[in-house]
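Worksheet: one structure, shown below.
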Amino acid sequence: MKKDKKMTLTLPAEELMSPGHLACQGCGATLAMRYMLKALGQRTVLCIPACCWAVIDGPYPYSCLDAPIYHCAFETAASTATGVKAGLEMTGDTETTVVAWAGDGGTFDIGIQALSGAAERNDDIIYVCYDNEAYMNTGIQRSSATPYGAWTTTTPVKHFKDRPKKDIVAIMAAHRIPYIATASVSHPEDFVKKMKKAKAIKGTRFFHVFAPCPTGWKSRPDDSVKLARLAVQNAYFPLFEIEDGEKVTINLKLKEKKPVADYIRLQGRFRHLSEAHIAAIQDEVDARWARLLKSC
Amino acid sequence: MKKVIMGNHALSYGAMLSRAQVIPAYPITPQTQVVELLSEMCASKTLDAKFIKVESEHSAMASCISASAAGARTFTATSAQGLALMHEMLHWASGGRHPVVLGNINRAMAPGWSIWTDQNDSLSERDTGWMQFYCSSNQEVLDSVIQAYKVGEALMIPAMVILDAFALSHTYEVVEIPEQDKVDAFLPPFKPEIRLTPDDPHAFGGLTGPEHYFELRYKLQKDMEKAPALIEGTGLEFERLFGRRLGLVDEYKCGDADLLFVSSGTAGYTANVAVDLLRDEGIKAGNLRMRVVRPFPFETVRRILGKAKKAAVVDRNISYGHHGIFYQEVKSALYGVKKAPPVFGYITGLGGRDITPDTFKEIAAHALAKDGPDEEIVWIGVKR
Ligand SMILES: Cc1ncc(C[n+]2csc(CCOP(=O)(O)OP(=O)(O)O)c2C)c(N)n1
Ligand code: SF4
Ligand SMILES: [Mg+2]
């Protein structure tokens, strides 16, 4: 008799997100939510401001998630989560994990004041920014997370984004919160592992999650995971964590970095870029990677 | 127990006796003592609450709202610029049906920077779906906080307790501090029907299309319409327990008045003094102090003003391009009322300029000299 071949699941089997959500095909933000909930489990409250995810979970009275959601104002993800945590604790629930779940616009731009306030107080919340590098809900306008060179409806080809992406992780590290991690929808095991680690820590925990958006990036829906993986492999979006604002650990060491051009060329939002532009992006990525290696 | 306290501390005591559980707050003159005392009470465990030192009023209200959604009783206080910064979240609190209670110190809006009283800050938020209680004494401030929770939580509608900058916020008065067990008997713990919890997961406030939104707002208005009776009812219950009546309005010698002032806030107290001085001179004056402005007490105003010979509405506010806001409201309430009296509108005291008994005497002299109003705004005390 042949020996039974057993497949071991590397991710929790529990599904807290049902199909039937309203996201576009190939939406990275949906994968991110699914993996996060696998890690955190059902005893989680989500605070979701205006962003694609304000729509994705479904219109009233539906929701595709088995966890409760408070839909909050655009700039209030952090302050809403702070209030929920305090409210739950005062009514006897000290166990539930409270998550602020916001896009890059809600985090890097309009919500940064509330986020900084919560982080400075070290409020006991997990803040997750799923980064699709623009305001997608309102139709692809630039945010301060939009990378150099990208087209959006407010950075048209004739005047594409000429400033680099804001370094949100450095800003959060400067708050010396207990835990910060980057994660990518292409690396769910790493994402779930770090989210579980974060769940056990008290205080403000911050996740910066790379979430490709075929609609806004003008890429193929079936390339979303591939793009996310390439961004990790070429150090465009490296996977690392920072504890107490100081201790940096790279989760995926790269022996050899792939060229960024492969990643850039798969996306319509970068179509107008010349070889020289791409070389400049490569230089910037190399410099950031060198800085990261030095900080470990 | 009687204590001599400032109006701001009357708000703090009101929140403490109501057993507020989450207090996110941000300082602004002239509100600071409200939150300083509350933070002291939380630190010394006189009050079992979480005091959250948020980085702005916008966040203060956001945290109040979500803590309330999670089932906690919440309190905050602010003034002028802070209230304006909260504007978006004021709609959120009422639209989401979270009975937050907020103390607002009436302060004039900048520019130029003013820390002195007028009502344009709170009246700019008139249409946000909050109840508004305007107070004329420190005792009323404390009592109103307790009543605001009682009515607000019954209807799931937020409420503002409003007092004048300095004229009340920093003025010390004797205040009866009710006993905690009596307040507990009047105000049971907050237990909302639906709350934010993984035990019973719901999505609050998601995308709401034209097929549902309208009904949500209809229900808010229908519940707001229940508020006047509930305010009167809880006001009587309060009187039975504490000996002080908390009604929709405060009537002073209205019954036989030839001239009725319509007033609010601390000016509403000054008006009573003026009524007595005028009566000494043989002029039958009276004063209707508007305590509750939202919900607007239509029936009460029609009943009392319907019997008056003349009414003089005194506004410490203005709607630019229209006229005094109380004046608009009173006139609209009297529309279609047979034998409604002529109603005069006066604007005075903006930016904290004093309103004294003489101000009311000047108003009385003006109103009594005319058969009816011949201008929309009569300015009192302005330098031209
Ligand atoms: C105060 C306020 N300003 C503007 C908006 C409009 N708005 C809604 S979502 C959004 C962009 C969201 O971008 P992001 O946070 O990156 O999330 P994404 O849509 O990309 O998922 C904007 C500008 C709003 N809802 N509230
Ligand atoms: S626009 Fe982008 S982020 Fe938004 S739902 Fe579509 S794919 Fe997802
Ligand atoms: Mg975005």
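The values are calculated or read from the model by the stated rules, or taken from the named source; none is laboratory data. What you see is a predicted model; the values in this text were computed from it and never measured. Cβ coordinates were reconstructed from backbone atoms using ideal geometry, including for glycine residues, and neighbour counts include every protein chain displayed. The protein model used for the area step is the full one, side chains on, heavy atoms only, and it has no ligands, DNA or RNA in it. Shrake-Rupley method; radii C 1.70, N 1.55, O 1.52, S 1.80 Å.
I'd like to check which helices (runs of 4 or more DSSP H) are fully inside region A:100-219 and have at least 1 residues that are in contact (Cβ under 8 Å) with a residue 40 or more places away in the chain, surrounded by fewer than 20 Cβ atoms within 10 Å (Cβ to Cβ) and within 13 Å of ligand 3 (Cβ to nearest atom).
A:214-217
May I ask you to list the residues in region B:285-294 that are of a type outside the set (G, A, S) and open to solvent by less than 10 Å² (accessible area, probe 1.4 Å)?
B:N287, B:L288, B:M290, B:R291, B:V292, B:V293
Can you tell me how many residues within region B:25-82 are surrounded by fewer than 21 Cβ atoms within 10 Å (Cβ to Cβ) and within 12 Å of another protein chain (Cβ to nearest Cβ)?
Adding up the residues that qualify gives 6.
How do the pairs read when you match residues in region B:366-384 that are modelled with pLDDT under 95 with residues anywhere that are open to solvent by less than 90 Å² (accessible area, probe 1.4 Å) and part of a strand (DSSP E or B), using Cβ under 8 Å and keeping only pairs 6 or more apart or on different chains?
Every condition considered, the pairs that remain are B:E376/B:G345.
Looking at (1) surrounded by fewer than 24 Cβ atoms within 10 Å (Cβ to Cβ); (2) in contact with a strand residue (DSSP E or B) (Cβ under 7 Å, 6 or more places away or on another chain), find the lone condition where B:S144 falls short.
(1)
Any idea which residue in region A:47-63 is nearest to A:E14 (Cα to Cα), counting only those that are more than 9 Å from chain B (Cβ to nearest Cβ) and in contact (Cβ under 8 Å) with a residue 40 or more places away in the chain?
The selected residue is A:W53.
Is it the case that some residue within region B:109-118 is open to solvent by less than 10 Å² (accessible area, probe 1.4 Å) and of a type in the set (A, V, I, L, M)?
No, that holds for no residue.
So for region B:127-135 (the condition being open to solvent by less than 10 Å² (accessible area, probe 1.4 Å), in a strand (DSSP E or B), in contact with a strand residue (DSSP E or B) (Cβ under 7 Å, 6 or more places away or on another chain) and within 14 Å of chain A (Cβ to nearest Cβ)), does at least one residue qualify?
No, region B:127-135 has no match at all.
Pull up region A:21-45, narrow it to residues that are in a loop (DSSP other than H, G, I, E, B) and within 14 Å of chain B (Cβ to nearest Cβ), then point me to the one that is farthest from ligand 2 (Cβ to nearest atom).
Looking at the filtered set, the residue picked out is A:R43.
Being away from ligand 3 (no atom under 16 Å from the Cβ) and more than 19 Å from A:A200 (Cα to Cα) is true for just one of A:P49, A:P61. Which residue is that?
A:P61
Which condition from (1) part of a helix (DSSP H, G or I); (2) within 7 Å of chain B (Cβ to nearest Cβ); (3) within 16 Å of ligand 1 (Cβ to nearest atom); (4) open to solvent by less than 10 Å² (accessible area, probe 1.4 Å) is the one that A:G87 breaks?
Single failed check for A:G87: (3).
When region A:261-296 is examined, which residues are found to be open to solvent by 70 Å² or more (accessible area, probe 1.4 Å), touching a residue at least 40 places away in the same chain (Cβ under 8 Å) and among the basic types (K, R)?
Scanning region A:261-296 gives A:R271, A:R288.
Please find, among B:A60, B:A67, the residue that is in contact with a Phe, Trp or Tyr (Cβ under 8 Å, 6 or more places away or on another chain), under 14 Å from B:P158 (Cβ atoms) and assigned to a helix (DSSP H, G or I).
Answer to the selection: B:A60.
Exactly one condition in (1) more than 16 Å from B:W92 (Cβ to Cβ); (2) more than 16 Å from ligand 3 (Cβ to nearest atom) is not met by A:I56; state its number.
Only one criterion is unmet by A:I56, namely (2).
Do the conditions hold for A:T82, that is, is it within 10 Å of another protein chain (Cβ to nearest Cβ) and touching a Gly at 6+ places or on another chain (Cβ under 7 Å)?
no
Report yes if some residue within region A:1-23 is open to solvent by 30 Å² or more (accessible area, probe 1.4 Å), under 16 Å from the mean Cα position of the chain (by Cα) and in contact (Cβ under 8 Å) with a residue 12 or more places away in the chain; otherwise report no.
no
Residue by residue through region B:33-58, note down the ones that are free of Cβ contacts under 8 Å to residues at least 60 places away in the same chain and either touching a strand residue (DSSP E or B) at 6+ places or on another chain (Cβ under 7 Å) or of a type in the set (K, R) (or both).
If the condition is that a residue be free of Cβ contacts under 8 Å to residues at least 60 places away in the same chain and either touching a strand residue (DSSP E or B) at 6+ places or on another chain (Cβ under 7 Å) or of a type in the set (K, R) (or both), then B:V35, B:L38, B:S39, B:C42, B:K45, B:A49, B:K50, B:F51, B:I52, B:K53, B:V54, B:E57 are the ones that fit.
Condition test on A:R43, is it open to solvent by 10 Å² or more (accessible area, probe 1.4 Å), closer than 20 Å to B:F204 by Cβ and among the basic types (K, R)?
Spelling it out, A:R43 is indeed open to solvent by 10 Å² or more (accessible area, probe 1.4 Å), closer than 20 Å to B:F204 by Cβ and among the basic types (K, R).
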